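Chemist: Mind looking over this structure? Questions follow.
Derivation of every value follows stated rules applied to the coordinates shown; laboratory data play no part. Everything numeric in this text was worked out from a predicted model, so none of it was measured. Ideal geometry is used to build each Cβ from the backbone, glycine not excepted, and the neighbour counts take in all protein chains shown.
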Amino acid sequence: AKLMAIKVCGPAGCWADDIATGIEYAADNSANIISMSLGGDTQSSLIKDAIDYAVNKGVLVVAAAGNDGPADGSIDYPGANVKVIAVGAIDSTEAVPHWSSRGVNDGDYIIEEKEVEFGTPGVNVESTYNDGCYAVMQGTSMATPHVAGLAAKLWDTNATTTRTKLQELAKLHDLHTEGDDTATGFGLPIAP
């Protein structure tokens with residue numbers, strides 16, 4: 001797999017037009033998977049259109065669920081978009097941190113708008129930091145790359161079969177309520 005880093009946020013924050021341009025650039029340059037550790041309370045039509053564009057080109061899009069929990073429905077966009085895999089956080093004991101955003105999942109194993117699809121490690125994760133060093137951080141932004149990385153490992157022929165493989169792996173390690181629950185969705189996908 002080839003890694004493509006596209007910077008869409010700056011010191012003043014993240015802007016919808018920059019994010020949309022980054023998504024479209026990745027899709028136009030043969031990306032199979034887009035991982036976004038970002039989000040906000042409202043859906044931007046620019047970002048939604050860019051996601052539609054990428055998905056129509058066969059791209060699998062993964063995004064952070066957000067850090068606005070624990071209320072059901074607190075999931076952020078673009079993760080709340082049904083075409084995007086939304087990733088919530090768990091800790092080393094597989095417990096869900098209070099701050100990890102929740103979806104409105106109903107246990108039917110069907111992903112709909114504003115639903116979390118997976119829960120992966122997002123607490124005490126060592127990550128790169130602004131100053132060129134590393135820092136231990138927490139958040140669904142730390143959890144999201146776990147799913148994107150596993151998707152790259154599992155990539156088959158298209159985004160749909162890869163997403164289905166991730167869901168099947170997560171069902172084998174369902175973390176909480178049977179079915180897709182509000183905090184961890186299908187569960188924790190673990191590499192075979």
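Chemist: Ranked highest first by average number of other Cβ atoms within 10 Å, how do 81-88, 147-154 line up?
Modeler: By packing density, highest mean first, the sequence is 81-88, 147-154.
Chemist: Ranked by Cβ crowding within 10 angstrom, fewest neighbours first, how are S44, S30 ordered?
Modeler: Ordered from fewest to most neighbouring Cβ atoms within 10 Å, S44, S30 come out as S30, S44.
Chemist: Pull up the cross-link candidates among the lysines for K2, meaning alpha carbon to alpha carbon under 21 Å and not fewer than 8 places away within one chain.
Modeler: Straight-line reach from K2, under 21 Å: K57, K153, K165.
Chemist: Same structure again: Rounded to the nearest 5, what % of DSSP beta bridges with both residues in the chain are antiparallel?
Modeler: 45 percent
Chemist: Once you have a ≥ b ≥ c as the square roots of the Cα gyration tensor eigenvalues for the range 137-192, tell me rounded if a/c is under 1.5, and otherwise prolate or oblate according to whether a/b is larger than b/c.
Modeler: It is oblate, given that a/c is not under 1.5 and a/b is not larger than b/c.
Chemist: From the helices alone, meaning DSSP H stretches of at least four residues, give me the mean residue ellipticity at 222 nm for the chain, per-run term -39500 (n - 2.57), in deg cm²/dmol to the nearest 500.
Modeler: -9000 deg cm²/dmol
Chemist: If the cut-off is 16 Å between C-alpha atoms, which aspartates and glutamates fall inside it for K83, apart from same-chain ones fewer than 8 positions away?
Modeler: In chain and number order, the partners are E24, D49, D52, E112, E113, E115, E117.
Chemist: Hey, if you put +1 on the Cβ of every Lys and Arg and -1 on every Asp and Glu Cβ in the chain, which of A20, N67, S44 ends up farthest toward the positive end of that dipole?
Modeler: After comparing all options, I get A20.
Chemist: Does the range 1-61 classify as rounded, prolate or oblate by the C-alpha gyration tensor (a ≥ b ≥ c root eigenvalues; a/c under 1.5 gives rounded; else a/b over b/c gives prolate, otherwise oblate)?
Modeler: In terms of gyration-tensor shape, oblate.
Chemist: Sort L172, L3 so that the residue with the fewest other Cβ atoms within 10 Å of its own Cβ comes first and the one with the most comes last.
Modeler: Taking fewest neighbouring Cβ atoms as first place, the list is L3, L172.
Chemist: List the Cys residues of the chain that have no partner Cys with a C-beta closer than 4.7 Å.
Modeler: When partners are defined as cysteine Cβ atoms under 4.7 Å apart, the chain leaves C133 without one.
Chemist: Calculate the translational D of the range 73-142 in whole µm² s⁻¹ from Stokes-Einstein, where the hydrodynamic radius comes from the Kirkwood formula applied to all Cα pairs, the temperature is 20 °C and the viscosity 1.002 mPa s.
Modeler: So the translational diffusion coefficient is about 167 µm²/s.
Chemist: Please arrange D181, D68, D41 by how many other C-beta atoms lie within 10 Å of their C-beta, fewest to most.
Modeler: Neighbour counts put them in this order, fewest first: D41, D68, D181.
Chemist: If you don't mind, there's one more thing I want to ask. Once you sort the root eigenvalues of the Cα gyration tensor of the range 66-192 as a ≥ b ≥ c, which label holds: rounded (a/c under 1.5), prolate (a/b larger than b/c) or oblate (the other case)?
Modeler: oblate
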